[in-house]
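Data first, discussion second: the structure below is written as C-alpha cells.
The values are calculated or read from the model by the stated rules, or taken from the named source; none is laboratory data. Keep in mind the model is a prediction, meaning the values are calculated, not measured. As a convention, Cβ positions derive from the backbone with ideal geometry for all residues, glycine included, and neighbour counts pool all protein chains shown.
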Amino acid sequence: MISTSQGSDPHCATISSSSHEEHLPQQMEFITARPAEIEMGRKHACSHHSNEDPTSPISTGSSRTDTSLFIDQLSMALPALRPLHSPAREAMSSERKMSFLCGCRLYPKALIWSLVLSSTVIMEGFDTILIFYFFTFPAFKQAYGTPIDNTGYQISSKWQFALTTGAEAGEIFGLLMNGFLADRIGYRWTLFLSLVFLFLCINLLFFAVNIQMLLAAEILCGIPWGVFQTLSMTYAAEVVPTKLRAYLLSNINLCWIWGQLLATGVLRTLVNNTTEWSYRIPFALQWAIGVPILISVLFAPESPWWLMQHGQQPQARKSLKRLIAEGKVNVDETVAMMDYTNKVEMYLNRHDGGTSYISAFKGVDCRRTEIACMVWVTQQVCGTSLTGWATTFYEQAGFDVNKAFDLSLGIYGLAILGSMVSWYLLSRFGRRRLYIVGLCALFVILLIGGIIGSLPTSKGQLWTLGSLLLILTVVYDMTIGPVCYVLVAEIPSTRLRIKTVVLARTAYNLAGILINWMTPRMLSATDWNWKGKSCFFFAGTTAFCLIWCYYRLPETFGLSYLEIDILFEKKASVSKFHELRERLRSVGYFNIDSNERPASDWAGF
C-alpha cells in the first residue's frame, strides 16, 4: 500500500523511473496469450529492437494483445487516469521490491493499529468458547438446567444447540449489518459502536436468571461478534503493503487461538469451583478485556482506502500519514496508487458503482464471491469440528476432567505453534499451494481416523483417535486456518471487499450451524453413533473441497490489488494467476533489470 520515497533508505528497494507507463501492459500481455504466442512475440520484438536483451522475459515489441489494449482503453475512457500512471506505478514498483523488514521499518504504526483492531478477535475467541465449557460446569447446569432423577442437573441437547447456534444466528445478522454500517460510517466507528453494544449485552449474560434470558443474551452478543469477524480482516488488508499482508491477515487466526487459550486457562482455575462465580467471573472478564480495546479503537486512524472510495482524498492523505514512518514514505505516490485502483474498479463496475451486495454477484465479482465463500466454508467442513472432541476421546480412555482441561491447553499450544510456522510457509509457498497441500494432509489424516474408528472400541483406539485429532489441529493451523484469512481478504475488489468478506463469513456461519448440529449426533452413542467413523464423512467433504480448490482457487501471492482486478476482469484461468506471479518473480517489476530485486525478505534491516 505504501511506497518509499526515493533515497529515503539506502537499504530499501529503490525504483527506476524509466518507461514505467510502457512496462505494465507488456508484462500483462501473457494473460490471454499461449506460451508459444508469447515466445513468438519476444522474437518478433527482438528483430525490431536490436538493443534489447533477447533472453529478457519482457519485450517492447509492437505486437499487442487484448490485455495491453484493455489497459490503454482504460486511459482513453478515463482521462483522469493519465496523470496517475507514473506515480501509481512508482508506488506499485516500490511495494514489489520492498523486503519484509524494510516494510516493518517504514510503517510500524500501521502494524500496531492492525494488531489493535485484530485484538477484538481475541476477545471474541474468549467469549464464544465459554458456553461450550460451561455445559460441563455443575453450577452452570444447576442454574440453567433441569433436574434428572435426583442425580444432578443437565442442560438438554435442544437447549445446548439453541445456545450455540443462537450466537451464530446473531453473528449472521451482525455480519450483514456490518456491510452496510462500515460502508457508510467507516471501519473505526462501526467497530467502536459494536464494542459499546457488546458491553451492554454482557450485562444480560452476567445477570441472566434463566436459560431463556441467557439465549437472548447469546443472540444479541452475536451481533457485535459478527462485526469483529470481518472488520479486523478488511482493516488489516487495507493499511499494510503487499509484503506484509499475509503476516497480518494470518495473525487473525492466531488471535482466535489466543482468545480460546485464555478462556481455557481461566476456566481451568475455576473447574472445581461449585458456586455461581465459576461462570459469572468469566462473563465479567469480558468487560476487562474489552475496555482497553475500546479506548484504543477510538483513536485509531480510518482506513485510507475507505476514505478514498468515499471521495475524501485529503482525509485519506492524513490517515496515511498516521500509518507510516515520518519522512520515509512518498505519500503522493501511494495516494495516486489508491486513486488509480479505485477509479479502475469504478469503471469496471460502472453498472452501479460497485458497492452494493448485489454487485458482489454481478460479472466477474460473482466469481470472486464464489471463491471467498468456498475458501471460508472449507474451514468448516474439513474436519476441524472434530478437534474439539479430542479431549472427549481421552476422557473415555481414562483421563479425568482436570487432565482433560490440561490437554486442551496443550492443543491450543500446538495450534499457536502451527500458526507461527504458517508465517514462514506463506512467504515461501504462497496461498494456493499451501491450501491444497493442507487439504491433502487433512484428507489422509481423516481417512486413517475413519479406518481406526471402524475397529472395535478400546483404550488404544481412543488414544489413537485423540492423537490423530492433535495432528489434525497442527496441520490445520499451519495451512487452512491462517491461509483462509489471507485469501478471503485478497480476492475481493477493494470497493467490494467488506461486502464480499461479509458474504463469505455468512456462508461460513451457515455451514457452521449445520456442522454443529451434525457432529454431536455423529459421536453420540444415543444418536447416530458413528464415533470414529465420522472421519469418513469429513474425509469426503475434504476431498470435495480439494477438487474445487484445484480447479477454482487462484494464486494471489505477491500480486497488488490492481493486478488481481485486471486478472479477474480478463477472466484469467487459475494457471494464469500463477504465471503472472512467476514472471514478476523472474524480473524486476516495471524494470527489465532483475538485479534490482532485494536478495531476500530480510534485506534492508
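Looking at segment 284-402, the helices (runs of 4 or more DSSP H) lying wholly inside it that each contain 1 or more residues that are at pLDDT below 85, out of contact with any His (no Cβ under 9 Å at 6 or more places or on another chain) and surrounded by fewer than 22 Cβ atoms within 10 Å (Cβ to Cβ) sit at 331-348, 390-396.
Hey, does segment 118-130 have a residue that's farther than 30 Å from TRP306 by Cβ and out of contact with any Lys or Arg (no Cβ under 9 Å at 6 or more places or on another chain)?
Step one: filter segment 118-130 for residues farther than 30 Å from TRP306 by Cβ, giving 129-130.
Restricting the remaining residues to those that are out of contact with any Lys or Arg (no Cβ under 9 Å at 6 or more places or on another chain) gives 129-130.
Yes - at least one qualifying residue is present in segment 118-130.
Quick check: anything in segment 496-513 in a loop (DSSP other than H, G, I, E, B) and in contact with a Gly (Cβ under 9 Å, 6 or more places away or on another chain)? So that I can check it myself, show each step before the final result.
Pass one, segment 496-513, residues in a loop (DSSP other than H, G, I, E, B): 496.
After this cut, where a residue has to be in contact with a Gly (Cβ under 9 Å, 6 or more places away or on another chain) as well, the list is 496.
Yes, because at least one residue in segment 496-513 is in a loop (DSSP other than H, G, I, E, B) and in contact with a Gly (Cβ under 9 Å, 6 or more places away or on another chain).
Consider SER534 carefully, then state whether it is buried (at least 18 other Cβ atoms within 10 Å of the Cβ), touching a residue at least 12 places away in the same chain (Cβ under 8 Å) and more than 25 Å from the chain's Cα centre (by Cα). Considered against the rule, which asks whether it is buried (at least 18 other Cβ atoms within 10 Å of the Cβ), touching a residue at least 12 places away in the same chain (Cβ under 8 Å) and more than 25 Å from the chain's Cα centre (by Cα), SER534 comes out as yes. Counted as qualifying within segment 80-172 are the helices (runs of 4 or more DSSP H) with 1 or more residues that are over 25 Å from the mean Cα position of the chain (by Cα) and of a type in the set (Lys, Arg), namely 85-97, 138-144. Hey, any hits in segment 210-230 for a residue that's surrounded by 17 or more Cβ atoms within 10 Å (Cβ to Cβ) and either outside any helix (DSSP H, G or I) or assigned by TED's automatic domain parsing to the domain that holds THR500 (or both)? There is no residue in segment 210-230 that is surrounded by 17 or more Cβ atoms within 10 Å (Cβ to Cβ) and either outside any helix (DSSP H, G or I) or assigned by TED's automatic domain parsing to the domain that holds THR500 (or both).
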